[in-house]
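One structure is given below, encoded as structure tokens.
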Amino acid sequence: MTETPTTRAGEAVLTVRAEAPIGTISPRLYGHFAEHIGRCCYDGLWVGNMADPPAHQDGFRTDVVEALRALPVPLLRWPGGCYADHYHWHDGIGPTASRPRRLGMSCGFTVEDDNSLGTHEFLQLCALLGAEPYLAGNVGTGSPQELCDWLEYCNQTLDTDLTRARRANGAFAPFNVPLWGVGNENWGCGGNYDPTTYPHEYRRYATMLRHVDASAELVACGEEDAWNVELLAALGKHLPLVDHLSIHRYWFEGGAETAFTDDKYYRLLQQADETEQFVVSTAAIIADATGGRQKIGIALDEWGVWHPEARRLGRDGIPPRQPISFEQAGTMRDALAAGIALEGFHRQCNVLTMANLAQVVNILHAPVMTEPGGGPMWLTPTYHVLRLHAPHIGATALPVEIEAGDTVPGGFSTVSGTASTHGNGDMAITVINRHLTRGSQVTLRGIAGAGGVPRAQLLTADSPRAQNSIATPDAVAPVSLAVGGDAATGWRIELPPHAIATLQFAPR
Ligand code: AHR
């Protein structure tokens, strides 16, 4: 008979079920998103067009590239977002001096776009980062021919005018871009289609794209459940044209970015937790539409916190910061929210085929921030949470059962966790204490198969409102965590309030 652990307030028991692996945590679940909006691409990543740029490699800030390489960034989506449905790829190839200067548009926000960061530059960034590229195509102001040309330019090996142009522009070998989005948010900024008209466009685009490169993975634009049901029904026998269904989830309900109330603290974490349910309901809709006969992956290709200060209309009486820049504070709370979402991504790794945090530098839930004009860089607490998850990338997800413990507002377990193994007697487990004010003594069981005393790192701060800045870049940074106990009786850690830790057990 299994003994049921008993706990007091502030205690929790988590058990890893290594005997029941869930599936592989694809590196694509740790994807990122770089849009030509505000200072993400220009200034944040790309300084190749600056008169007096900071140190760079091929036009990309060296410090930012190094920080992102360390994360790592296995997948990068570009050039939008809403920007994608205004973007004409042809503007961004050839000699930089002769590229047109355009109005870059996204989310009602305009940027001057000299097109100095175009296809070759972006794909060079992916090469520097070791990232798979994911290009979002233009449906709103584009054409199937234009998108087919971009695919041919990037991926074809045959000798054509477009592949000759690619070679003349410096890329002899094809780029083999694996992922292609057919528009972005076409229910809104991408053309205000409805779920019966967009499938007509999708069919036309996807049919033609398949002729150019049958191996390209195509991403259809989904939305909430109702749109997704109608979209997939309208695609009917043409569902094989869809490899992934894009959905987006921003958490809007956390109140002020730093001066949030206790209620709003928990509400944001709850929204992060509920992201998993959105993936689950989307998976059910796909299973229903396909009858289980075809795999369509879920591409959560934009996710994260969007605070009222960074929204055009504000929210909850909190006005947007002026001028609108889509930049926001990134606190310890936001980092915990990211960790909570990642737990769900691991649990849903058999249906969730990619996830892209929005966005990679300076914008919204960014892991990396830079001062304007090529100024210094700093890392947000979310950066450190992603780093704490690096051992899980590419590993096999393992269920973590909460055998005992209490709950926080919203009814969620105070302590939660995610675990994985690379299958050689190693194990990594990441544990979160969501409680705003109370620490937790956590016992971890089910790790008997792994090696001895683990290496453990903790991320927390005096306050969940804490953030890093240029003045205090390490105000929130990981520290070592003491681990007690043993494999037989359970490993024990003390988690402070609003904290996250990763324990890494070496192979036996
Ligand atoms: O990430 C900012 C914007 O949010 C993107 O451009 C759009 O796709 C979404 O609405």
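Return the calculated 222 nm mean residue ellipticity for the chain, to the nearest 500 deg cm²/dmol, obtained by summing -39500 (n - 2.57) across DSSP H runs with n ≥ 4 and dividing by the residue count.
That calculation yields -7500 deg cm²/dmol at 222 nm.
Taking 8 Å as the Cα distance limit and 6 or more residues as the minimum spacing, I'd like the relative contact order of the chain as a percentage.
Result for the chain is 19 percent.
Can you list the trypsin sites (Lys or Arg not before Pro) in region 89-197 that are in a DSSP coil and have 11 or fewer other beta carbons within 10 angstrom?
The qualifying sites are Arg101.
Which shape class applies to region 77-215: rounded if a/c is under 1.5, otherwise prolate when a/b exceeds b/c and oblate if not, where a ≥ b ≥ c are the square roots of the Cα gyration tensor eigenvalues?
Verdict is oblate for region 77-215.
What is the order of Ser420, Ser116, Ser469, fewest Cβ neighbours within 10 Å to most?
Ser469, Ser116, Ser420
Any idea what the dipole of the chain comes to, in debye rounded to 20, about its Cα centre with Lys/Arg Cβ at +1 and Asp/Glu Cβ at -1?
That gives the chain a dipole magnitude of about 580 debye.
Rank the residues Met208, Met354 as a footprinting-exposure proxy: fewest other Cβ atoms within 10 Å of their Cβ go first.
Fewest-to-most ranking of Met208, Met354: Met208, Met354.
Values quoted throughout were computed directly from the atomic coordinates according to the rules given, and no laboratory measurement underlies them. Keep in mind the model is a prediction, meaning the values are calculated, not measured. So basically every Cβ, Gly included, is an ideal-geometry build from the backbone, and we count neighbours across all protein chains shown.
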